[in-house]
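The values are calculated or read from the model by the stated rules, or taken from the named source; none is laboratory data. Please read all numbers here as calculations on a predicted model, not as lab measurements. Heads up, the Cβs are rebuilt from the backbone with ideal geometry, glycines too, and the neighbour counts pull from every protein chain shown.
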Amino acid sequence: MAICEGCGARVDEAHVQRRKDRLALAARFRPTQIKVLVLDSAPRGPEEDYFYRAAKDRSVRSLAARMYFEELVKAMGTSITKIDENLCLHEFRKNGFFLSYAVECPIENHGELHNALRKLAPTIVKRVQYFLQPAYIVPISKATEELIRLFGLVGWGDRLVLDKGGAFADPYLGDRERPAVFATSFGARICKALAALPS
């Protein structure tokens, strides 16, 4: 069994191929110059929920994945009213936004995700610094908070866009009513934080 470069686990060839497929989908929408790197901990759910897998029929995605997609569209600050995922992904790219994952493979168990993040942290920081080279980094899950300190240590603290000193997150993602009631949806908050930054 091979060691996966994306998550550090011992995996079979099918796992390696799924990672390659996800990376190829993301590469199609990577801007030449990344203005805003949205950094999540790991992809969530089944393959059809992957952000860069544009769905013609949005019902194939879980509710949480549809809401996640909508929040990232809101983060751009564009006035897209009807979600056409392919069009939105092209707008995301055109506006210099790129979503990347610290751990490139889905890991549902929080303990395993934490261990993978800790083990891969130096590699993640180097990938962001030397390969992605964004103007700004927006961490969007609680698990990515561990990386905030590391970016500060390598002199990239001024590129971090944070929510009250931490990552942007919505604990109610997947519930249509609670984010509205408790004002936890992160898209508009990210948009507001980015608007306050120098161009």
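Quick notes on this one:
- GLY155 fulfils the conditions (1) of a type outside the set (A, V, I, L, M); (2) within 27 Å of ALA195 (Cβ to Cβ); (3) assigned to a loop (DSSP other than H, G, I, E, B); (4) touching a strand residue (DSSP E or B) at 6+ places or on another chain (Cβ under 9 Å) except for a single criterion, (4).
- Subset tally (residues that are within 13 Å of the chain's Cα centre (by Cα) and of a type in the set (Asp, Glu)) for segment 30-58: 2
- Residue within segment 129-138 that is touching a Phe, Trp or Tyr at 6+ places or on another chain (Cβ under 6 Å) and under 17 Å from SER41 (Cα atoms) present: no
- Considered as a group, the residues in segment 1-29 that are assigned to a loop (DSSP other than H, G, I, E, B) and surrounded by fewer than 15 Cβ atoms within 10 Å (Cβ to Cβ) include one that is nearest to the chain's Cα centre (by Cα), and that residue is GLU5.
- Subset of segment 150-199 that is among the basic types (Lys, Arg) and over 13 Å from ILE137 (Cβ atoms) - its residue that is modelled with the lowest pLDDT: ARG176
- Remark: pairs (first residue in segment 47-73, more than 19 Å from ALA27 (Cα to Cα); second residue aromatic (Phe, Trp, Tyr) and assigned to a loop (DSSP other than H, G, I, E, B); Cβ separation under 6 Å; 6+ apart in sequence or on different chains) = GLU71/PHE186.
- Among the residues making up segment 100-120, those that are outside any helix (DSSP H, G or I) and over 17 Å from ILE34 (Cβ atoms) are VAL103, CYS105, PRO106, ILE107, GLU108, ASN109.
- Residue within segment 123-140 that is assigned to a helix (DSSP H, G or I), among the small types (Gly, Ala, Ser) and either modelled with pLDDT of 95 or more or surrounded by 17 or more Cβ atoms within 10 Å (Cβ to Cβ) (or both) present: no
- A Cβ distance below 6 Å, combined with a sequence gap of six or more or placement on separate chains, defines the contacts here; from segment 20-33, residues that are closer than 21 Å to LYS94 by Cβ reach residues that are of a type in the set (D, E, K, R) in the pairs LEU25/ARG53; PHE29/ARG93; PRO31/ARG93.
- Selection within segment 30-42 - crowded, with 20+ Cβ neighbours inside 10 Å and more than 23 Å from ALA188 (Cβ to Cβ): ALA42
Residue-wise test of (1) surrounded by fewer than 19 Cβ atoms within 10 Å (Cβ to Cβ); (2) assigned to a loop (DSSP other than H, G, I, E, B); (3) out of contact with any Asp or Glu (no Cβ under 7 Å at 6 or more places or on another chain); (4) charged (D, E, K, R).
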| position | (1), (2), (3), (4) |
| --- | --- |
| ARG44 | no, yes, yes, yes |
| ALA55 | yes, yes, no, no |
| SER59 | yes, no, yes, no |
| LEU72 | no, no, yes, no |
| LEU89 | no, no, yes, no |
| PHE98 | no, no, yes, no |
